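For reference, the structure discussed in these notes is given below.
The values are calculated or read from the model by the stated rules, or taken from the named source; none is laboratory data. If you're wondering where the values come from, they're calculated on a predicted model, not measured in any experiment. Here the Cβ is made from the backbone with ideal geometry for all residues, glycine too, and neighbour counts use every protein chain on show. Side chains included, ligands, DNA and RNA excluded: accessible areas come from the protein's heavy atoms. Shrake-Rupley method; radii C 1.70, N 1.55, O 1.52, S 1.80 Å.
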Amino acid sequence: MTERDEIIALANRLRWEVGGNFHDSLMESLYKEASEIVKKTVRKKGGEFAFSLDRKIDKIVTNKWTGFPIMFILLALVFWITVQGANYPSELLSGLLVGDLYGFLKSAFISLNIPGWITGLVVDGGYLAMAWVISVMLPPMAIFFPLFTLLEDFGYLPRVAFNMDSLFRKVGAHGKQALTMSMGFGCNAAGVVATRIIDSPRERLIAIITNNFSLCNGRWPTQILIATIFIGSLVPAHLAGLVSAGAVVGIAVLGIVFSLVTSWFLSKTILKGEASTFNLELPPYRPPRILQTLYTSFIDRTLIVLWRAVVFAFPAGLVIWSISNITIEGVSLADYFINYTDPFAMLVGLNGIILLAYVVAIPANEIVIPTILMLTVTHFGLQISGAQAGVMFETGSMEVTKQILEAGGWTVLTGINLMLFSLLHNPCSTTLFTIYKETGSLKWTVISALLPIAMGFTVCFLVTQLWLLL
Amino acid sequence: MDPLTSLILFGVGALILVVFFLPEKGLYYRWKRALQSTERVLIEDALKHLYDCEYRQVNCTLQSIAGNLDIGSDKAAELVERLESLRLITTENGNLHLTKSGRSYALRVIRVHRIWEKYLADETSVPETDWHSQAEIMEHELTPAQADELAAKIGNPVVDPHGDPIPSVDGDLPGREGVILTNLKENDFAVITHIEDEPKTVYAQIVALGLSPGMQIRILENSPTRIVFEADGDEKVLAPVIASNITVKKIFTPEEIREEFKTLSVLKPGEKAEVIKISNALRGQQRRRLMDLGVVPGAEIKAELENPFGDLTAYRVKDTVIALRKNQTDHIYIKKVEKTNNE
């Protein structure tokens with residue numbers, strides 16, 4: 001045996017003797033030594049006093065009686081400012097992009113003698129989808145996220161996680177999921193990115209997969225429109241507003257319930273074995289840097305929306321125009337799909353048009369309603385002024401929208417199912433792309449897409465069949 | 001189709017899915033397990049059993065193989081014949097012995113098994129009671145090279161989470177040390193070094209009591225009907241048949257005896273303490289994360305704040321406030337420091 005072999009053999013024997021906790025003991029002794037040196041040499045000014053204001057605020061915001069009301073009021077305020085504040089700029093943008101600029105582009109293309117199909121594809125298809133996404137999504141995003149960032153900067157958000165952790169612990173998730181879920185109400189893709197704050201692998205995956213159950217800004221307008229048309233009309237006029245608002249909030253709350261139940265299910269089944277840790281830092285309160293926060297947050301979100309409109313919505317627009325205008329033996333591709341899927345769609349209380357709209361609107365939920373209206377009018381050959389194949393539109397009035405949908409065979413049941421399906425279907429492609437980037441795994445991306453779809457079809461099916469039975 | 005029929009069809013479909021894919025018990029999983037029971041698996045399990053006999057210095061027979069592998073004696077005889085023809089074992093007066101190559105084969109399988117258990121304990125949240133059964137499957141699937149790669153990734157561990165030594169690449173394994181818990185006398189002090197993970201039901205009982213290697217034990221009563229002892233300050237009672245699955249190392253010098261067994265979870269807001277030890281029950285990422293945050297022996301820690309439901313408490317460590325859950329603070333041992341008056 002050479003000297004080298006002897007040394008290696010000795011090292012192996014010694015490894016058994018020092019035992020399995022060798023690394024821990026080494027680290028412990030390093031820390032111990034360091035803290036003893038600090039004790040001897042470092043003197044602190046102020047001592048405990050520096051933390052007393054923080055603790056006073058904490059006593060109020062994490063108190064059993066005042067903590068939750070403060071939380072609900074703050075969050076409600078954020079949503080209220082978002083909804084109210086986004087209304088006007090959204091209309092303005094829509095008038096500008098979907099109205100004036102669209103008309104200008106169209107006439108410019110025609111006057112330049114560009115072939116009709118190119119004009120249709122680029123202006124009626126791609127451009128219009130892009131314009132729609134920007135006008136629906138940009139204002140709420142630019143208001144919601146800066147407000148959220150302010151709360152975070154101040155140090156309040158970790159306290160929300162601190163208060164809510166008990167609930168999330170019971171379903172196997174992390175208290176910080178309360179925050180990523182709230183972010184999801186703004187935009188699911190942003191919510192998925194926000195899960196980076198959860199440093200435990202299992203809880204982070206749970207937060208990513210369930211983020212889609214937060215009803216995002218792109219889906220709120222759909223919910224409000226359908227609730228007003230189909231739920232509001234069930235009750236006397238003076239109650240209509242209240243009841244339809246209640247229905248939309250009900251769907252959002254149902255989303256939270258689904259999110260918690262799915263978290264529990266995931267933590268007990270496919271994610272059971274993933275590593276899990278817990279810690280939650282409560283940083284000191286700081287006066288927020290208001291202007292800087294507003295500016296950077298505004299620029300960030302605007303860029304995301306614009307990028308998304310160009311990369312995802314524009315191609316979707318091309319597809320929407322093409323399927324309505326490419327015909328085989330006189331029947332458009334859209335009509336083939338609608339006729340083919342109608343029987344199945346009826347089983348779950350929807351129709352082929354809705355399914356097609358959700359397939360082509362995978363890139364952006366905002367264009368679901370304009371696509372449904374366009375497909376309904378084209379498919380049934382309705383006479384609506386200005387409507388043509390492949391050109392998405394929204395009518396200015398609820399009455400006309402209702403007439404179109406009812407001509408397409410919609411009932412109250414269809415309305416309810418659409419609201420449920422809008423909550424429970426695959427995340428938009430921006431979110432899926434983000435999930436893939438964040439998890440680096442095709443498996444979790446596919447699960448994030450298929451799980452809500454399966455749930456959506458199951459729920460709609462049960463609702464429809466029970467409704468028909470009773 | 002009328003609604004009732006479709007609902008019934010849906011119910012039947014859901015039922016079939018459950019029957020097939022119910023975790024562990026579903027038909028799909030049973031079928032998968034059945035496929036795994038190949039000749040190679042039988043050979044490796046038999047070698048492991050023979051090695052275990054050798055380690056415990058008892059005799060192994062054809063019957064003990066049949067019993068351990070849960071196969072008929074005809075099949076066991078066939079298996080022994082096959083092992084002999086592969087020159088992995090020899091037979092002497094009905095007793096079976098490993099040959100040199102048989103022993104090194106067995107050690108390779110045991111190495112993979114224990115590395116996988118260590119991996120599950122440190123890098124995943126797979127429950128303790130499932131480690132053994134999952135490793136039983138993986139030991140036949142990983143190649144030695146893959147196992148070495150995994151071992152390198154988790155820091156070349158030398159003992160598995162039950163306290164068993166992991167054979168080295170060359171097949172070295174230290175001899176068995178320590179005494180069985182039932183052999184201790186009253187007022188003996190000892191540290192748990194090993195907990196046998198088979199049979200599963202016995203192991204589950206030990207896990208349910210919260211016992212793990214590294215805990216300090218003091219015997220209070222040792223009678224033929226029961227053993228009463230303190231484990232890290234908590235009183236536990238075990239039947240001797242279960243206690244015999246626990247191996248301990250006796251402590252003789254008084255300096256090694258620890259007396260404080262208060263956990264961090266008893267600390268009330270405003271109270272200060274010094275961390276003494278993080279229990280082995282917090283392992284892998286959980287443990288590393290706590291140490292990263294400065295929760296290490298010797299650190300001063302102060303409870304600051306409880307959340308509205310009282311199951312999450314914020315502590316100040318090294319001037320940072322971090323909240324920890326009760327299932328973590330139950331495993332961090334402290335020594336209380338008298339209250340300061342300047343608050």
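So the values come out like this:
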| quantity | calculated |
| --- | --- |
| Solvent-accessible area buried by pairing B with A, both sides, nearest 100 square angstrom, 1.4 angstrom probe | 4800 Å² |
| Test item: B:154-160 mean partner chain Cβ contacts at 10 Å | 3 |
| Accessible area of residue B:104 in the full protein assembly, 1.4 Å probe (Å², nearest 10) | 60 Å² |
| Most to least packed among B:285-293, B:203-211 [average Cβ atoms within 10 Å] | B:285-293, B:203-211 |
| Equivalent ellipsoid, the range A:1-145 (semi-axes from 5 times Cα gyration tensor eigenvalues, Å) | 65, 36, 14 |
| Inter-chain shielding of A:357-370 (mean C-beta neighbours from other protein chains, 10 Å cut-off) | 0 |
| For the range B:1-70 and the range A:345-390, distance of Cα centres in Å | 50 Å |
| Measure of compaction for the range B:232-288 (Cα Rg per 2.2 N^0.38 Å) | 1.50 |
| Simple label model, 7 Å out from Cα along Cβ direction - residue A:443 to residue B:27, nm | 2.5 nm |
| Linear extension gain, residue A:59 paired with residue A:450, 0.36 nm per residue minus alpha-carbon span | 136.4 nm |
| Unit charges on C-beta of K, R, D, E only; dipole of the protein assembly as shown, Debye | 1700 debye |
| Virtual spin-label span in nm between residue A:33 and residue A:237, 7 Å along Cα→Cβ | 8.4 nm |
| In range of the label at residue B:300: residues from the range B:259-277 whose backbone nitrogen is under 16 Å from the point 7 Å along Cα→Cβ | B:270-276 |
| Sequence-distant aspartates and glutamates (8 or more away, or on other chains) whose Cα lies within less than 12 Å of residue A:272 | A:203, B:130 |
| For chain B, size of Cβ-based charge dipole, Lys and Arg +1, Asp and Glu -1, in debye | 380 debye |
| Relative contact order of chain B, pairs being alpha-carbon contacts under 8 Å that are 6 or more residues apart, as % | 11 percent |
| Rounded to 10°, Cα long-axis angle of helix A:67-94 versus longest principal axis of chain A | 40 degrees |
| For peptides B:212-218, B:130-136, sequence by mean Cβ density within 10 Å, most packed first | B:212-218, B:130-136 |
| Sites residue B:82 and residue B:104, calculated FRET efficiency, Cβ-Cβ separation with R0 22 Å, nearest 0.05 | 0.75 |
| Computed over chain A: relative contact order in percent, which uses C-alpha pairs under 8 Å that are six or more apart | 17 percent |
| Separation in nanometres of the label points that stand 7 Å from Cα toward Cβ, at residue A:11 and residue A:196 | 3.9 nm |
| Amide H within-cut-off set for residue B:321, under 5 Å, with H built and near neighbours excluded | A:282 |
| 10 Å Cβ neighbours from other chains, averaged over peptide B:296-309 | 6 |
| Kirkwood Rh, Cα atoms: Rg over Rh of the range B:138-287 | 1.01 |
| Gap separating the Cα centres of the range B:92-117 and the range A:268-344, nearest whole Å | 55 Å |
| Contour excess over end-to-end distance, with Cα ends at residue A:118 and residue A:4 and 0.36 nm allotted per residue | 33.3 nm |
| Added length on full extension, which subtracts the Cα-Cα distance from 0.36 nm per residue, residue B:6 to residue B:327 | 110.9 nm |
| For chain B, projected area of the alpha-carbon convex hull averaged over all directions, nm² | 26.4 nm² |
| Of the DSSP H helices in chain B, those whose Cα atoms cover at least 24 Å axially and whose Kyte score averages 0.0 or more | B:3-21 |
| Computed P(r) (all Cα pairs; the protein assembly as shown; 20 Å bins; percent) | 13, 36, 30, 18, 3, 0 |
| Charged-residue dipole, Cβ positions (Lys, Arg, Asp, Glu), the range B:105-248 about Cα centre, Debye nearest 20 | 260 debye |
| Theoretical ellipticity at 222 nm over chain A - DSSP helices of four or more residues, -39500 (n - 2.57) apiece, nearest 500 | -22500 deg cm²/dmol |
| Within chain B, helix-based [θ] at 222 nm, where runs of 4 or more DSSP H residues each add -39,500 (n - 2.57), nearest 500 | -12500 deg cm²/dmol |
| Cα-based convex hull volume of the range B:27-98 per residue, rounded to whole Å³ | 88 Å³ |
| Å² per residue, accessible surface of the range B:179-256 at 1.4 Å | 49 Å² |
| Residues in the range A:112-126 that a label on residue A:336 would reach, taking backbone N under 20 Å of a point 7 Å out along Cα→Cβ | A:121 |
| For peptides A:114-126, A:282-294, sequence by mean Cβ density within 10 Å, most packed first | A:114-126, A:282-294 |
| The range B:27-98, relative contact order in percent, only Cα pairs under 8 angstrom and at least six apart counted | 31 percent |
| Entries in A:56/B:272; A:268/B:48; A:59/B:302; B:185/B:326 that, when Cα-Cα distance is taken, lie over 23 Å | A:268/B:48; B:185/B:326 |
| Of A:446, A:34, A:23, farthest towards positive along the dipole that unit charges on Lys, Arg, Asp, Glu beta carbons give the protein assembly as shown | A:34 |
| Average accessible surface area per residue within the range B:27-98, 1.4 Å rolling probe, Å² | 63 Å² |
| Set of aspartates and glutamates near residue A:64 by C-alpha distance (under 12 Å), chain-local residues within fewer than 8 positions excluded | B:306 |
| Rounded accessible area of residue B:277 (nearest 10 Å², 1.4 Å probe) | 40 Å² |
